[in-house]
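A short write-up of the structure that comes next.
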Amino acid sequence: MGFVAQPVSEALAGACFAPDYASARARFLAAAARAGARLDVFVNDAAVAPDGGSLTTDVAVLGPDRADRALLLVSGTHGPEGFVGSAAQVALLDAIATGAPVPPVRVVLVHAINPYGFAHITRTTENNVDLNRNFIDWSAGAPGNPAYVELHAALCPSVWTPEALAAADAARIDWIGRNGQDAFVDMTSRGQYTHADGLNYGGIGPEWSNRTLEAIVRRHLSSAGRIALIDWHTALGERGQPFFLCFNEPGGPGWERAGDWWGREQVETRGGFGGAARPKYTGLLFHGVQRYAAQADVTGAVIEFGTVDMDDARRALQADRWLRFGDAAAADPRRAALREQVREAFSPQSLDWQRSVLGHAIGIQHATLAGLAAWR
Ligand SMILES: [Zn+2]
């Protein structure tokens with residue numbers, strides 16, 4: 001078993017990949033209308049787009065009302081990573097509109113679950129919250145991450161000069177020398193709940209995007225007993241290639257099922273963290289779907305597409321964070337170039353890259369639908 005990447009023409013990639021959030025939204029809504037999907041629109045009143053436009057999470061729903069099996073595809077959890085997921089969703093809607101056979105399952109496409117991040121080309125929400133660390137059980141309190149406290153200053157330079165960046169790198173390398181690469185990757189990736197201006201900040205309560213996902217799941221997936229979830233992301237793995245982070249228990253039935261759908265070697269792959277062990281993530285969107293659809297078995301993954309190497313991705317995250325909290329004035333000429341660097345690190349505009357990732361995404365979505373139909 002496994003998926004087969006589909007060939008993607010320049011025209012198809014151009015039609016599916018939008019240049020910005022507003023265009024992505026317009027293409028998604030048009031494709032949903034062509035496919036005859038029902039729409040559910042959630043407006044984020046707490047913020048606006050850079051051009052003053054509104055921010056919405058748009059949901060397209062297809063298939064039988066009381067289907068036991070459902071496919072849930074999410075885009076834009078990390079803002080600038082949303083272009084790929086959006087393109088994959090548009091491609092699926094257009095395949096359905098042009099008569100592609102779909103098994104009798106419910107299909108729920110969540111476009112731009114973090115619309116602020118998508119519109120502003122920034123990883124986090126309007127409150128600098130990493131949405132994929134926000135789905136903890138808040139009644140149990142936030143988990144600690146004491147090691148993050150030691151490195152916050154080195155990870156988050158407030159001045160963007162070669163000297164400041166070199167000093168930050170030296171502090172990081174020194175810390176890794178004393179504590180190891182596994183500890184570093186875990187500490188910087190798992191999530192932290194103490195530094196509101198820091199990286200991988202999980203927040204102080206459920207974000208608007210979190211509450212919106214809860215409403216979507218309760219409204220559209222309450223009859224589902226079996227849910228296949230793909231949360232589309234970028235920046236881990238080989239450039240242009242998919243990298244799977246399955247969050248079902250390793251060796252358990254969900255893990256086995258994911259291996260059947262996508263290929264065992266894909267699901268069990270290591271690497272993608274510079275050779276370090278996988279971080280002990282907290283508050284993943286996957287956990288949120290499990291909690292909000294407690295009646296269902298959820299099989300799913302974050303599926304990433306590689307973009308740039310880890311050093312460039314880390315620098316882009318630092319730039320993203322500095323653009324929000326650093327010492328630059330609004331008119332600082334470095335701003336536009338750094339924002340472009342963030343965009344390229346998380347959604348390259350190379351047509352070759354877009355054709356490759358869209359071809360893989362279409363193949364993966366197809367294999368997931370087939371696996372869902374065969375799930376007994
Ligand atoms: Zn991501």
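The values are calculated or read from the model by the stated rules, or taken from the named source; none is laboratory data. Since the structure is predicted, the reported quantities are computational estimates derived from the model, not experimental observations. Cβ coordinates were reconstructed from backbone atoms using ideal geometry, including for glycine residues, and neighbour counts include every protein chain displayed. Quick note on the areas: whole protein, heavy atoms, side chains included, nothing else; ligands and nucleic acids left out. Shrake-Rupley method; radii C 1.70, N 1.55, O 1.52, S 1.80 Å.
Things to note:
- In the condition set (1) open to solvent by 60 Å² or more (accessible area, probe 1.4 Å); (2) touching a residue at least 40 places away in the same chain (Cβ under 8 Å), GLY85 is compliant with all but (1).
- Count - residues of the stretch 291-339 that are assigned to a helix (DSSP H, G or I) and of a type in the set (A, V, I, L, M, F, W, C): 11
- Flag if ASP182 is in contact with a Phe, Trp or Tyr (Cβ under 9 Å, 6 or more places away or on another chain), open to solvent by 50 Å² or more (accessible area, probe 1.4 Å) and either without any contact (Cβ under 8 Å) to a residue 24 or more places away in the chain or more than 27 Å from ARG334 (Cα to Cα) (or both): yes
- Subset of the stretch 186-216 that is among the hydrophobic types (A, V, I, L, M, F, W, C) and crowded, with 20+ Cβ neighbours inside 10 Å - its residue that is modelled with the lowest pLDDT: MET187
- Unmet requirement for ALA154, which otherwise passes all of (1) in a loop (DSSP other than H, G, I, E, B); (2) in contact with a Lys or Arg (Cβ under 9 Å, 6 or more places away or on another chain): (1)
- Taken over the stretch 244-272, the criterion of being within 25 Å of GLY144 (Cβ to Cβ) and buried (at least 18 other Cβ atoms within 10 Å of the Cβ) is satisfied by LEU245, PHE247.
- Among the candidates VAL61, VAL4, VAL90, residue that is among the β-branched types (Val, Ile, Thr), within 21 Å of ALA367 (Cα to Cα) and in a helix (DSSP H, G or I): VAL90
- Cross-chain or 6+ apart pairs with Cβ under 6 Å, the stretch 212-236 first and more than 13 Å from the ligand (Cβ to nearest atom), then open to solvent by 10 Å² or more (accessible area, probe 1.4 Å) and among the acidic types (Asp, Glu): GLY225/ASP68; ARG226/ASP297
- Of everything in the stretch 278-308 that is over 15 Å from the mean Cα position of the chain (by Cα) and within 16 Å of the ligand (Cβ to nearest atom), the residue that is surrounded by the fewest Cβ atoms within 10 Å (Cβ to Cβ) is ARG278.
- Only a single criterion out of (1) assigned to a loop (DSSP other than H, G, I, E, B); (2) over 24 Å from HIS120 (Cβ atoms); (3) open to solvent by 30 Å² or more (accessible area, probe 1.4 Å) is not satisfied by ALA67, namely (3).
- Scope the stretch 23-51; condition under 21 Å from ARG211 (Cβ atoms), part of a loop (DSSP other than H, G, I, E, B) and open to solvent by 30 Å² or more (accessible area, probe 1.4 Å); matching residues: ASP45, ALA46, VAL48
- Any hit, the stretch 14-22, residues being part of a loop (DSSP other than H, G, I, E, B) and touching a strand residue (DSSP E or B) at 6+ places or on another chain (Cβ under 6 Å): no
- Only one entry in PRO101, PRO80 is surrounded by fewer than 22 Cβ atoms within 10 Å (Cβ to Cβ) and not acidic (Asp, Glu), namely PRO101.
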